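Trainee: Could you have a look at this structure, given as structure tokens, before my questions?
The values are calculated or read from the model by the stated rules, or taken from the named source; none is laboratory data. Worth saying up front: this structure is predicted, and the values here are computed from it rather than measured. Note: ideal-geometry Cβ built from the backbone for every residue, glycine included; neighbour counts use all protein chains shown.
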Amino acid sequence: MQIDIPFIFMALIEIFKALPLTIIITLVPLIIGFLIGIGITIIRIRKVKGLYSLANFYVSFLRGTPALMHIMLIYLGFPLLIDKLAVTFRWTFQSTSIPILLFVLMALSLTAGAYMSEIIRAGILAVDQGQLEAAESIGMTNFQAMRRIVFPQAIAISLPNLCNIFIGFLHTSSIAFIVSQKELTGATNIVASNNLKFLEAYIAAALIYWGLTIISEKVTALLEKRVTVYNRGGVI
Amino acid sequence: MDITLIFDFFPKLISYLHITLLILVAAVAIGLVIGVVIALIRIYKVPVLNRLAFIYISFMRGTPILIQLFLIYFGLPALLTLVHIDASRANPLLFVAITYGLSCGASFAEIIRGAINGVEKGQAEAAYSIGMNEKQMMVRVILPQALVIAFPNFANSVIGSLKDTSLAFTIGVMDMVGRGNTLIATSLHALEIYLTLSMIYYGVVICLEKGFSLSEKKLQRFEGSLSAEK
């Protein structure tokens, strides 16, 4: 076995250039997913009629199928839908002009929404009921109590889970290479097949992903210290 | 898009379900062995090995399964040529089983370690106080309780691995997704095929969830019985 160590360094630099796209494919779905998650959580906690079972099905279906399926279904299905609408409404718009990246972001946002809603729900349910009662007793409206009292604490409780989902999505973003996105894994594939050095290229990619994961774990540990400051006494 | 095609594709794809399940079962079996060994190394803090185990878990947690799959697929045959074994023509299924096994091993190790540490210390002291030795204490008192704590996480991890197996086709394994891709090449009905695949995955995940939650209830039948007697 021969491993070309200098090539690993070269590949490292080459692959690293694809980092911005990986960050986009990781962060955008998480941010949109967070908003979807809040909506779904409100529906599920308030038990909104009609939407409740739909929200349950959404969460269960997306959590029960691989992310690859979501990407492929949106990537294959959405253009058909657009084209059909274009024909009925006589748009001059063509689905082929939509970049594939947009489909990936849409699909992963839906995936993230399902996972986020579970995390947010667990966080909100973990906040002591007395906190809400105390907030209402000093005259806050339900919305104020949620926004100022319950939500910040729920986020603090969910922080480790949020870090996990960030790492999870950092890794999930690698699937985007299947629909020919040039993020870290896609770039690795190109570097590997251009130089016919597959093992070295994938070692380089593994090192980058590993480094990113360790950095995000360290950042979370720091954040956790700051966010849970309220919890470390002081009053009593 | 032709919804009725789903009924055509369904039998064709589900006949490859056993490959997907085979990967899962092999991965879980390999993962359990690795997981128990690594967890023991981490709990008893075996010098040197503890450090290696830490790096192994960190690496497996820190890299996408897709990258691990390619690393094993390209790296293992290269490693084996050192001992003069030609693995370049081995069934890709083997590489998939090893990769998912290693990946399961890392998550199982953390789950087992967490569960054993999660059993109250007083339980071990109580076992010692009635004259059990360390092995008896472990096997009869700690492990059964650790199992109850570990089970929900274990179940989640298995379901996660099932979903990860959908990536095995990238190195040419003929599982459900691999078969689906060959069907796409001949029939050009990609959307219907992915819809069918999603339905099969969803069905299997629901069955697994139901099975796990039944077993969990069975495992927990002794929980809380002490407080009921009070």
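Trainee: Filter the range A:174-185 for residues that are assigned to a helix (DSSP H, G or I), closer than 19 Å to A:ALA201 by Cα and either touching a Lys or Arg at 6+ places or on another chain (Cβ under 7 Å) or more than 8 Å from every other protein chain (Cβ to nearest Cβ) (or both) and give the result. Talk me through it step by step, then tell me what you get.
Mentor: Taking the range A:174-185 as the starting set, the residues that turn out to be assigned to a helix (DSSP H, G or I) are A:174-179, A:184-185.
In the following step, the residues that additionally are closer than 19 Å to A:ALA201 by Cα were identified as A:174-178, A:184-185.
Passing the criteria: A:ALA176, A:LEU184.
Trainee: Might you let me know whether the range A:96-103 holds any residue that is within 14 Å of chain B (Cβ to nearest Cβ), touching a Leu at 6+ places or on another chain (Cβ under 6 Å) and modelled with pLDDT of 90 or more?
Mentor: No.
Trainee: Any idea which of B:ILE159, B:ILE142, B:ILE200, B:ILE149 is closer than 21 Å to B:GLU110 by Cα, β-branched (Val, Ile, Thr) and facing chain A (nearest Cβ under 10 Å)?
Mentor: Values: B:ILE142 fails: facing chain A (nearest Cβ under 10 Å); B:ILE200 fails: closer than 21 Å to B:GLU110 by Cα; B:ILE149 fails: facing chain A (nearest Cβ under 10 Å).
From the options B:ILE159, B:ILE142, B:ILE200, B:ILE149, the qualifying one is B:ILE159.
Trainee: Still on this structure, please answer the following. Would the range A:164-171 turn up any residue that is under 30 Å from B:THR165 (Cβ atoms), among the polar types (S, T, N, Q) and surrounded by 18 or more Cβ atoms within 10 Å (Cβ to Cβ)?
Mentor: Here is the first cut: in the range A:164-171, the ones under 30 Å from B:THR165 (Cβ atoms) are A:164-171.
With the extra rule that they be among the polar types (S, T, N, Q), the set shrinks to A:164.
Adding the requirement that they be surrounded by 18 or more Cβ atoms within 10 Å (Cβ to Cβ) leaves none.
No, the range A:164-171 contains no residue that is under 30 Å from B:THR165 (Cβ atoms), among the polar types (S, T, N, Q) and surrounded by 18 or more Cβ atoms within 10 Å (Cβ to Cβ).
Trainee: Exactly one of (1) touching a helix residue (DSSP H, G or I) at 6+ places or on another chain (Cβ under 8 Å); (2) not in a helix (DSSP H, G or I) is unmet by A:GLY139. Its number?
Mentor: (1)
Trainee: So in the range A:1-52, with the set limited to residues that are assigned to a loop (DSSP other than H, G, I, E, B) and touching a residue at least 24 places away in the same chain (Cβ under 8 Å), which one is nearest to the other protein chains (Cβ to nearest Cβ)?
Mentor: Across the range A:1-52, the extreme among qualifying residues is A:ILE3.
Trainee: Right, another one. So if I check each of B:ALA78, B:ALA39, B:ALA29, which one is modelled with pLDDT of 95 or more and in contact with a helix residue (DSSP H, G or I) (Cβ under 9 Å, 6 or more places away or on another chain)?
Mentor: Numbers: B:ALA78 fails: modelled with pLDDT of 95 or more; B:ALA39 fails: modelled with pLDDT of 95 or more.
Selected residue: B:ALA29, the only one of B:ALA78, B:ALA39, B:ALA29 that is modelled with pLDDT of 95 or more and in contact with a helix residue (DSSP H, G or I) (Cβ under 9 Å, 6 or more places away or on another chain).
Trainee: Another question, then. Look at A:MET116 and say whether it is within 11 Å of chain B (Cβ to nearest Cβ) and under 24 Å from B:CYS207 (Cα atoms).
Mentor: On the way: within 11 Å of chain B (Cβ to nearest Cβ): no; under 24 Å from B:CYS207 (Cα atoms): yes.
So A:MET116 does not fit the description; no.
Trainee: If you don't mind, another one. Please work out which residue is farthest from the other protein chains (Cβ to nearest Cβ), limiting yourself to the range A:190-205 and to residues that are part of a helix (DSSP H, G or I) and surrounded by fewer than 20 Cβ atoms within 10 Å (Cβ to Cβ).
Mentor: Looking only at the range A:190-205, we keep the residues that are part of a helix (DSSP H, G or I), and these are A:190-195, A:198-205.
Going one step further and asking which of them are surrounded by fewer than 20 Cβ atoms within 10 Å (Cβ to Cβ), we end up with A:190, A:193-195, A:198.
Values: A:ILE190: 13, A:SER193: 12, A:ASN194: 15, A:ASN195: 13, A:PHE198: 4 Å.
Of everything passing the filter in the range A:190-205, A:ASN194 is farthest from the other protein chains (Cβ to nearest Cβ).
Trainee: Might you check whether a residue that is of a type outside the set (Phe, Trp, Tyr), closer than 30 Å to A:ILE45 by Cα, part of a helix (DSSP H, G or I) and in contact with a helix residue (DSSP H, G or I) (Cβ under 7 Å, 6 or more places away or on another chain) occurs anywhere in the range A:80-103?
Mentor: The initial filter retains those residues of the range A:80-103 that are of a type outside the set (Phe, Trp, Tyr), namely A:80-88, A:90, A:92, A:94-102.
Narrowing further to those that are closer than 30 Å to A:ILE45 by Cα: none.
Checked the range A:80-103: no residue is of a type outside the set (Phe, Trp, Tyr), closer than 30 Å to A:ILE45 by Cα, part of a helix (DSSP H, G or I) and in contact with a helix residue (DSSP H, G or I) (Cβ under 7 Å, 6 or more places away or on another chain).
Trainee: Same structure again: When both residues are 6+ apart or on different chains and their Cβ atoms are under 6 Å apart, which pairs have a first residue that lies in the range A:112-128 and is over 20 Å from B:GLY160 (Cα atoms), and a second that is buried (at least 18 other Cβ atoms within 10 Å of the Cβ) and aliphatic (A, V, I, L, M)?
Mentor: A:GLY123/A:ALA154; A:GLY123/A:ILE157; A:ILE124/A:ALA154; A:ALA126/A:ILE157; A:VAL127/A:VAL150; A:VAL127/A:ALA154
Trainee: If you check B:LYS12 against the conditions, is it assigned to a helix (DSSP H, G or I), of a type in the set (D, E, K, R) and over 23 Å from A:ALA206 (Cβ atoms)? Explain how you work it out, then say what you get.
Mentor: Details: assigned to a helix (DSSP H, G or I): yes; of a type in the set (D, E, K, R): yes; over 23 Å from A:ALA206 (Cβ atoms): yes.
It is true that B:LYS12 is assigned to a helix (DSSP H, G or I), of a type in the set (D, E, K, R) and over 23 Å from A:ALA206 (Cβ atoms).
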